[in-house]
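See structure below.
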Amino acid sequence: MGLFVRGLSGYAGIAGGYGKFAVLLPRPGSDAPAAGTASMRNFRLMDQSFLVRLLGAGSFAGIGDLIDGNGLLFDNLTADLSLTERRIGVTRLRVTGPSAGITAEAFIDRDADTVHAAGVFTPVYSLNTLLRCIPLLGDALGGDEGLLAVAFAVEGDIENPGISIDPLSALAPGILRRLFEYDLPGG
């Protein structure tokens, strides 16, 4: 799947895995975007920034991934897609694994080779999301994103984008964290 994603978007940071892309193409001559879904399983994020690697190391699995240099393992990815000749839009992105979890929205400008994304990064995902099993309290304290999570934004060149993190979002439980999340510009 890593090679397929690189060919589609230019992003080279995914290795291995398997998955499915389902796309509904618009009628010929239409300006409507192609719409679809993506799902992937058992893949690794490679060559990520130091901060992402450090946050992902908050579990035994994450520390092992860092030591062996094989990237961070993720079990599952799901997303909705919107594709035009010049742009790839990603909504409802959800990536989960033993080391980390990510929820986000993004778009890739294929002409400029840039990415713009905003979302929430959850370190130690497996442990961090255990609270969601408690009715009512689980949703208030973290829900699907977990108790300890941080809002982030990614912008810039697809091979080396800038990453912004709002440290206050890490202090806010799930319901309040939405106040600190970044907006996606031009999304």
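Structure above, values below:
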quantity: Distance between the range 5-42 and the range 87-101 - C-alpha centres, whole angstrom; calculated: 13 Å
quantity: Proximal charge balance of Leu77 [Cβ under 13 Å; K/R count +1, D/E count -1]; calculated: +3
quantity: Simple label model, 7 Å out from Cα along Cβ direction - Ala22 to Glu159, nm; calculated: 3.6 nm
quantity: Projected label distance in nm at Leu148 and Ala12, using a 7 Å step from Cα toward the beta-carbon; calculated: 3.4 nm
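Read-outs: derived from the displayed coordinates by stated rules, not from any lab. From a predicted model like this one, the values you see are computed outputs, not experimental measurements. Methodologically, a virtual Cβ is constructed for each residue, glycine included, from the backbone with ideal geometry; neighbour enumeration extends over all protein chains shown.
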